[in-house]
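Below you'll find the structure, written out as structure tokens, and then a few comments.
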Amino acid sequence: MRAARVLAALAATLLALPVLAGCVGDDAAGDPWDGQRPDALTLATGGSTGIYHAYGTALAHVLEERYDLPVEVDQSGGSVENLESLDAGTAQVAFSAADAARDAVAGEGEFTEPLDVRALARVYDDFLHLVVPAGSDIRSIDDLRGKRVSLGAPQSGTALIAHRLLAAADVPAGDLTDARLGLDDSIDALRAGDVDAFFWSGGLRTPGLTALADDQPVRLVPLGDLVEEVRSRYGSGYRHGIVPEGMYGSSKVVETLAVPNFLMVRADMPDAEARTLVSTLFDARGQIATQVPSAANLDRVRAIFTDPVELHPGALQYYRDTKD
């Protein structure tokens with residue numbers, strides 16, 4: 001009898017082994033990182049009062065909350081610096097305006113050689129702001145001649161587009177005094193009267209500009225009449241955009257130039273890692289949008305349009321797997 005009980009117990013154990021093995025296999029198959037979860041990530045954003053930083057901070061919180069993954073959110077001068085950080089390996093994920101990303105993969109403009117980077121998604125569009133005090137006599141980009149203006153921080157997407165706008169308007173950058181400030185410092189300088197105007201390329205609504213408009217009346221200078229010239233010179237990635245009435249206290253719609261933003265990574269990022277980042281970006285869209293309204297614009301149909309920057313294969317896999 002005792003031998004029979006031992007044999008029965010052994011048989012039960014042997015029968016259970018495939019089940020246990022199956023459980024282990026299911027857990028492994030259910031790992032979104034597919035065994036390629038990084039130890040940590042660094043996410044390159046922008047200035048503390050801009051949307052890159054707010055979006056990156058919200059995304060980092062989701063990654064830490066869901067996967068216990070440490071994420072460092074780096075402030076930076078903007079797109080060009082972010083792309084160089086990717087190339088150097090000091091950041092693994094970065095925000096960039098599409099025009100800077102295009103220059104990076106082509107090895108043009110600020111980039112002396114092509115960078116081996118890829119896009120995860122087109123996330124939202126930036127709108128060009130030319131901000132002046134409400135009582136300013138600056139009514140067009142031509143009126144910037146002889147003025148103290150911040151064209152944006154060095155190595156920023158704002159500076160890249162601002163110089164292209166000046167060129168399209170036949171206004172030499174040498175005809176004005178460029179303070180070369182990022183958003184935070186530009187806002188402080190306008191408040192103090194140290195600059196007459198500043199450029200900013202960012203989503204709607206940019207927190208720093210909202211705070212500025214709450215403190216003092218400001219106005220946006222229309223730039224819409226330059227869009228076609230910018231497109232003809234620098235590519236079709238630029239489009240017409242509008243800043244709605246009421247934004248930053250505006251009493252009317254302001255026509256301007258818009259450019260997409262991409263979430264970028266290195267080409268050598270493991271496919272499963274890239275796919276998980278994109279999946280998380282979409283799964284947490286509503287959660288992120290409660291803090292960053294621009295995140296609500298993330299859309300599967302438009303997200304894949306990152307030409308001429310290639311989508312990372314892991315991102316492409318996500319879009320194919322979730323195609324309706």
Item checked: Between region 34-90 and region 121-143, the Cα center-to-center distance that results, in Å -> 27 Å
Checklist line | From phi via Karplus (6.51, -1.76, 1.60), per-residue ³J(HN,Hα) for region 295-310 in Hz, x at Gly/Pro | finding: 5, 5, 7, 4, 9, 4, 5, 7, 4, 7, 8, 10, 3, x, 7, 5
Checklist line | Ordering of 212-225, 238-251 by burial proxy (mean other Cβ atoms within 10 Å per residue, highest first) | finding: 212-225, 238-251
Check: Tell me, how many Å apart are the Cα centres for region 195-214 and for region 246-290?
Finding: 18 Å
Next item on the list: Considering Cα pairs under 8 angstrom that are at least six residues apart, work out the relative contact order of the chain and quote it in whole percent.
Entry: 23 percent
Note to self: Can you compute 3J(HN,Hα) from phi for each residue in region 95-105, using the Karplus curve 6.51 cos²θ - 1.76 cosθ + 1.60 with θ = phi - 60°, rounded to whole Hz and x for Gly and Pro?
What the structure shows: 8, 8, 5, 4, 5, 5, 5, 4, 4, 5, 6
Notebook entry, point to check: Roughly to the nearest percent, how much of the accessible area of the chain is carbon and sulfur, given a 1.4 Å probe?
Noted result: 51 percent
Next item on the list: Over the alpha-carbon set of region 87-168, work out the extent along each principal axis and list the three values in angstrom, largest first.
Entry: 45, 26, 22
Next item on the list: Taking all pairs of distinct Cα atoms, average 1/r, flip it, and tell me the Kirkwood hydrodynamic radius of region 71-212 in Å to one decimal place.
Entry: 15.9 Å
Notebook entry, point to check: Per residue, how many Å² of accessible area does the chain show with a 1.4 Å probe?
Noted result: 46 Å²
Next item on the list: Using the Karplus curve 6.51 cos²θ - 1.76 cosθ + 1.60 with θ = phi - 60°, work out ³J(HN,Hα) for each residue of region 248-261 in order, rounded to whole Hz, and write x for Gly and Pro.
Entry: 6, x, 5, 8, 7, 5, 10, 7, 8, 10, 10, 9, x, 10
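Wrap a convex hull around the Cα atoms of region 158-267, take a quarter of its surface area, and give that in square nanometres.
Mean projected area for region 158-267: 8.1 nm², to one decimal.
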Notebook entry, point to check: Helix-derived [θ] at 222 nm for the chain: sum -39500 (n - 2.57) over DSSP H runs of at least 4, divide by residue count, nearest 500?
Noted result: -12500 deg cm²/dmol
Next item on the list: Starting from the amide H of Asp74, placed 1.01 Å from N in the peptide plane, find each other amide H under 5 Å away whose residue is 5 or more places distant or on another chain.
Entry: Leu43, Ala44, Thr45
Margin query: Which order do the peptides 264-272, 161-169, 194-202 come out in when sorted by mean C-beta neighbours inside 10 angstrom, highest first?
Written below: 194-202, 161-169, 264-272
Check: Mean separation of Cα pairs under 8 Å and 6+ residues apart, divided by the residue count of region 21-114: what relative contact order is that in percent?
Finding: 25 percent
Next item on the list: Collect residues whose amide H, placed 1.01 Å from N in the peptide plane, falls under 5 Å from the amide H of Tyr124; neighbours closer than 5 in sequence don't count.
Entry: Asn261
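The values are calculated or read from the model by the stated rules, or taken from the named source; none is laboratory data. The shown structure was predicted, so the numbers you read here are calculated from the model rather than taken from an experiment. Cβ: placed from backbone, ideal geometry, glycine included. Neighbour counts: every protein chain shown. What goes into the accessible areas is simple: the full protein's heavy atoms, side chains included, and nothing from ligands, DNA or RNA. Shrake-Rupley method; radii C 1.70, N 1.55, O 1.52, S 1.80 Å.
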